[in-house]
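Accompanying notes for the structure given below.
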Amino acid sequence: YQLDALVEHLEESGFEPVIDDRQLTIDLTPCPHAAARPEDRPVLCQVHLGLMQGVLAQAGGPLAADFVRDPATPVDCVLQLSHTAA
């Protein structure tokens, strides 16, 4: 249920998420917000990470969003998930 809620949020936000169940990652490349002012992108990424964390927490379950991996290019974005302690 958590992943369904997160995917819905991401699609509504303009992303095309690709889930890797084994690595617990969600590839959000290309980031639809990458064209925003480059100097604002780190703040934008942190805000969106907070929103994703909120979606996962509200849905309830064992998954948490840890971080958005540092991108190799401005349009790359990969969210790392983890299992929370029970």
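Tabulated values for the structure
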item	result
Filtered residues of region 29-51 (kept if in contact with a Ser or Thr (Cβ under 9 Å, 6 or more places away or on another chain) and open to solvent by less than 80 Å² (accessible area, probe 1.4 Å))	29, 32, 33, 34, 48
Filter result (in contact (Cβ under 8 Å) with a residue 24 or more places away in the chain and open to solvent by 70 Å² or more (accessible area, probe 1.4 Å)) within region 52-61	58
Top-ranked residue in region 6-24 [being more than 13 Å from residue 52 (Cα to Cα) and either free of Cβ contacts under 8 Å to residues at least 12 places away in the same chain or not small (Gly, Ala, Ser) (or both); ranked as most open to solvent (accessible area, probe 1.4 Å)]	22
Restricting region 67-86 to residues that are assigned to a loop (DSSP other than H, G, I, E, B) and open to solvent by 70 Å² or more (accessible area, probe 1.4 Å), the residue that is modelled with the lowest pLDDT	86
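The values are calculated or read from the model by the stated rules, or taken from the named source; none is laboratory data. The shown structure was predicted, so the numbers you read here are calculated from the model rather than taken from an experiment. Here Cβ is always computed from backbone atoms with ideal geometry, including for glycine, and neighbour counts include all displayed protein chains. Ligands, DNA and RNA are stripped out before the accessible areas are found, and what is left, the full protein with its side chains, is counted by its heavy atoms. Shrake-Rupley method; radii C 1.70, N 1.55, O 1.52, S 1.80 Å.
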